[in-house]
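Taking it in order: structure first as structure tokens, then the write-up.
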Amino acid sequence: MHSMKGKARVVNVFQTICLLLLAIVVILPIYIAVANTFKDSSIILDQPLSLPIPATLENIISVLKSPNTNLGEMYSNSIVLMVAGTLLTVILSSLAAYYLARVKTKASGMLRIYFLIGIMVPYVIVYLPLCILLRNMGIPLGIPVLIFVFASGNISFATFMYTNNIHTLPIELEEAAAIDGASKFKTFWVILFPLLRPCTATIAIFVGLGIWNDFQTPLLMGQVKTITVGIYTAVGPYSANWGVVFAYVFFAAVPVIIVYLCAQKNFVNGLTMGAVKG
Amino acid sequence: MKKNKISFGFVVPAFVVYTVLLVIPIFMAFYFSFNKWNGFNTMQFLGLENYFNLFRDVRLGNAVKNTVVISIVVVIIVNVLGLFLAMLVNTESVKSNIFRIIFFVPFVLSTVAISFVWKSILSYNGVLNGILTTLGQSELVGNWLGKQGPAIVCIIIVEIWRTLGYHMMLYLAALQTVPQELYEACTVDGGNRWHKFKSVTLPLIIPGMSVSFLMSIINELRMYDIVKIMTDGGPGYDTETIVYNIVSQGFSNNMVGYSSAISVVLFLAIGAISIFIVNAMSKKEVEM
């Protein structure tokens with residue numbers, strides 16, 4: 001019995017060492033980026049791992065002052081796209097899911113499959129035809145149309161999640177509301193939608209973070225200066241000035257890391273539950 | 001129940017947005033793929049010629065090879081290591097929780113941000129070579145992103161680093177569905193760790209495992225951002241992936257028809273793989 005306990009302890013120590021080593025590997029690049037943001041560019045290559053003492057704000061300031069970067073514009077573009085794109089996805093998908101989950105007709109079943117197909121589309125197939133389609137329709141590429149593009153790309157996943165979720169809710173509440181004379185829309189909005197809040201949170205995190213981090217869509221559809229595309233275009237001329245590159249990365253990553261650390265349970269659920277259910 | 005039906009109007013907005021901005025462009029891609037077109041002049045019908053040309057395209061062949069190599073290596077490593085890590089952090093303790101939070105961080109960051117960080121480390125005038133020089137190991141200094149072999153290895157490392165925590169979380173979710181009583185029963189029957197893993201854990205996490213495999217395969221087949229930023233497909237076309245190739249042919253070279261043909265094949269391949277895995281998974285579940 002004693003030796004078994006000893007063995008268990010050895011295994012435990014071994015496990016912790018494995019985890020620690022991997023954690024260092026995971027954190028090291030992030031540490032390098034953060035520490036060197038606050039160092040003079042000239043010493044980064046000599047002492048990349050040292051702490052930034054004395055710290056300098058030179059890199060941050062040069063990004064803030066750079067003539068070809070407008071951080072405020074980049075942030076506001078990304079925030080508008082993220083908020084509006086997520087809202088639109090949530091509204092369109094939850095409404096559609098209400099019909100798909102509660103109406104049991106052949107047409108409804110076929111529509112479910114129709115919406116589901118989008119989940120496995122590699123989005124690269126869409127960009128070029130979509131740009132041509134919008135050009136022919138005379139719609140300029142920019143923030144407004146991108147909001148709808150992001151919604152179109154997320155409707156499949158969100159509708160699927162909502163439909164499954166509505167299935168798990170008892171229909172009696174809706175029937176009671178119908179007897180009270182509430183319209184279908186009111187029933188949905190006042191009774192069903194609040195019950196879907198956990199599902200909405202999952203979808204909002206998945207879709208919102210996806211839009212915030214998306215690079216390909218704003219790059220290929222009009223080079224819209226979101227935070228990702230803005231950094232990509234701005235870093236070009238500085239490609240060897242790592243201090244400035246790190247400062248850009250700092251501005252892109254810090255909001256995400258702060259929100260992640262505050263709501264990490266929701267983040268993990270949002271990003272993995274989506275996959276598990278899908 | 002009252003015959004007060006939910007109106008079709010609830011679906012219409014989603015249907016319109018989804019159809020116009022996603023489904024119609026996909027049909028357009030199929031249509032373009034049978035034509036020679038630069039996006040501006042009149043189209044010229046080619047039939048299947050674009051598709052035949054795919055097989056003769058050396059540049060595309062290289063992109064396919066890169067994508068397949070990256071996919072196979074990353075899929076195997078993140079799934080094996082992801083499951084291993086998930087088992088290590090599958091306890092209710094502060095320590096496990098901290099490790100989970102740390103391992104998941106790279107996945108929430110944008111690929112643009114992490115690609116630049118890794119580029120700064122791996123570039124010829126980057127941090128890694130700086131460290132090697134400082135340590136007096138100048139002969140080890142290498143042009144990691146400047147040659148095909150090392151560059152592909154670098155891309156693989158970054159992709160593993162980025163997605164490992166995500167797959168750990170997928171496996172963790174699967175592990176937490178395994179009832180503890182089964183492990184206890186296994187112990188009573190004299191089973192050791194390996195027996196528990198093989199006879200209890202593995203069969204019960206097959207659904208979660210399929211999801212994890214499917215997600216990693218689809219993610220790797222769509223690889224674009226990291227390559228775009230770290231190597232920009234270079235040197236030459238050496239580190240291109242399929243999606244990089246499609247974008248480059250379509251947007252830079254205006255070969256609308258040809259790039260559409262490539263993306264149609266990619267679309268069908270991903271569809272076939274998804275259906276195959278989902279089917280295999282539901283069969284396994286029935287067996288249990």
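Roughly how many nanometres apart are two label points built 7 Å out from the Cα toward the Cβ at B:R59 and B:F84?
4.0
So what is the 222 nm mean residue ellipticity for chain A from helices alone, if each DSSP H run of at least 4 adds -39500 (n - 2.57) and you divide by all residues, rounding to the nearest 500 deg cm²/dmol?
-24500 deg cm²/dmol
Report the rotationally averaged projected area of chain B based on its alpha-carbon convex hull, in square nanometres.
So the mean shadow area of the Cα hull is 24.4 nm².
Between A:S42 and B:N41, with labels modelled 7 Å along Cα→Cβ, what's the label distance in nm to one decimal, could you check?
5.6
Taking a ≥ b ≥ c as the square roots of the Cα gyration tensor eigenvalues, with a/c under 1.5 meaning rounded and otherwise prolate when a/b beats b/c, else oblate, which class fits region A:149-259?
prolate
What span do the alpha-carbon atoms of region A:2-56 cover on each of the three principal axes, reported in whole Å from largest to smallest?
Each principal axis gives a Cα extent; for region A:2-56 these are 57, 17, 15 Å.
Quick query: amide H of B:N35 versus all other amide H atoms, modeled in the peptide plane; which residues come in under 5 Å with a sequence gap of 5 or more or a different chain?
Long-range HN contacts for B:N35: B:L46.
How big is the convex hull of the Cα atoms of region A:67-277, per residue, in Å³?
Numbers: hull volume 32.7 nm³, N = 211.
It is 155 Å³ per residue.
Run the numbers on chain A and let me know its relative contact order in percent, using alpha-carbon pairs under 8 Å that are six or more apart. Walk me through the intermediate numbers first.
Working: 247 pairs, mean separation 77.8, N = 278.
It comes to 28 percent, rounded to a whole number.
Please give the Cα centre distance for region A:1-64 versus region A:91-132, rounded to the nearest Å.
Each part reduced to its Cα centre gives a spacing of 44 Å.
If one computes the Cα centroid of region B:174-197 and of region B:199-255, what distance in Å separates the two points?
Taking the Cα centre of each part, region B:174-197 and region B:199-255 sit 36 Å apart.
If you average 1/r over every pair of different alpha-carbon atoms in the protein assembly as shown and take one over that average, what Kirkwood value in Å do you get? It would help to have the intermediate numbers written out before the result.
On the way: mean 1/r = 0.0389 Å⁻¹.
One decimal place: 25.7 Å for the Kirkwood radius.
Pull out the extension gain between B:Y51 and B:I76, defined as 0.36 nm times the separation in residues minus the alpha carbon to alpha carbon distance; nm, one decimal. Write out the running numbers ahead of the final one.
On the way: separation 25, 0.36 × 25 = 9.00 nm, distance 3.06 nm.
Using 0.36 nm per residue and subtracting the Cα-Cα distance, I get 5.9 nm.
What spacing in nm lies between the two simple spin-label points modelled at B:K5 and A:A263, each 7 Å away from Cα in the Cβ direction?
For B:K5 paired with A:A263, the spin-label model returns 3.8 nm.
Would you give the gap between the C-alpha center of region B:139-168 and the C-alpha center of region B:93-128, rounded to a whole Å?
13
Measure nothing fancy, just the Cα-based angle from helix A:71-102's long axis to the longest principal axis of chain A, in degrees from 0 to 90, nearest 10.
With both axes taken from Cα atoms, the answer is about 30 degrees.
Over the alpha-carbon set of region A:97-211, work out the extent along each principal axis and list the three values in angstrom, largest first.
Projected onto its principal axes, the Cα set of region A:97-211 covers 50, 30, 25 Å.
With the contact rule set at Cα under 8 Å and sequence spacing of 6 or more, what percent relative contact order holds for chain B? Show your work: numbers first, answer last.
Details: 312 pairs, mean separation 84.7, N = 288.
Reported as a whole number, the value is 29 percent.
Values quoted throughout were computed directly from the atomic coordinates according to the rules given, and no laboratory measurement underlies them. For clarity, every value in this text was computed on a predicted model and none was experimentally measured. Ideal geometry is used to build each Cβ from the backbone, glycine not excepted, and the neighbour counts take in all protein chains shown.
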